[in-house]
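Report on one structure; see the data block that follows.
The values are calculated or read from the model by the stated rules, or taken from the named source; none is laboratory data. Fair warning: this is a prediction, and the values are worked out from it, not measured in the lab. Keep in mind that these areas ignore ligands, DNA and RNA; they rest on the heavy atoms of the full protein, side chains included. Shrake-Rupley method; radii C 1.70, N 1.55, O 1.52, S 1.80 Å.
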Amino acid sequence: MDNTSAAPSSVSSTIHVDNLIKTIVRAFYTDDCVCIIDVLLRDKYLRDDDMGPRLSLPVKQLRRTMEYLHKEMLVRYELVDDLAAGGSQQTKFWYVDYNHCVNVIRWRVFKLKQQIAKTEVSARSSSSYVCPNYRKKVCNGTYSELEPQQV
């Protein structure tokens, strides 16, 4: 079997995932988050030291935004030990894990659908009944679903 047919489908699925992530980030996150995700999608793995100058963001703001995106489960990082290479500390390499990110988006859409369904059910079930003599001020006026059965 020819292995060349697998590569184009993999590339096209990556393009679709890139577009999905870009769309979600542009719809629900700040401009800083959008810029960071765009850079990570383009360059795949980056240190926060390398991202700061590219985005013209202060290091503190960049790290705060990266931690926010990590908390939102859109980006991940790997700690690389620079001590072995003569460095002085561990460095975080940030990246977007496509599988994890797509699963997070799917989970959030599922939870949103659940919340909408719950709100819809509660809105439909909260019917109230109005007494015919309400305008004449003879009775209390409105009743819940259970109260008319008791009257």
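With a threshold of 26 Å on the Cα-Cα distance, the over-threshold entries among Lys60/Lys113; Lys44/Lys113; Lys60/Lys92; Lys92/Lys113; Lys22/Lys118; Lys71/Lys111 are Lys60/Lys113; Lys44/Lys113; Lys92/Lys113; Lys22/Lys118.
Taken one residue at a time, the phi angles of region 19-34 give Karplus couplings (6.51, -1.76, 1.60, θ = phi - 60°) of 5, 4, 5, 4, 5, 4, 5, 5, 7, 10, 10, 6, 5, 4, 5, 4 Hz. Gly and Pro are set to x. Protein-only accessible surface at a 1.4 angstrom probe places the residues Lys92, Lys113 in the order Lys113, Lys92, largest first. The base-10 log of I(q)/I(0) for region 13-56, evaluated at q = 0.16, 0.17, 0.19 Å⁻¹, reads -0.42, -0.47, -0.58 [Debye formula, identical scatterers on Cα atoms, solvent excluded].
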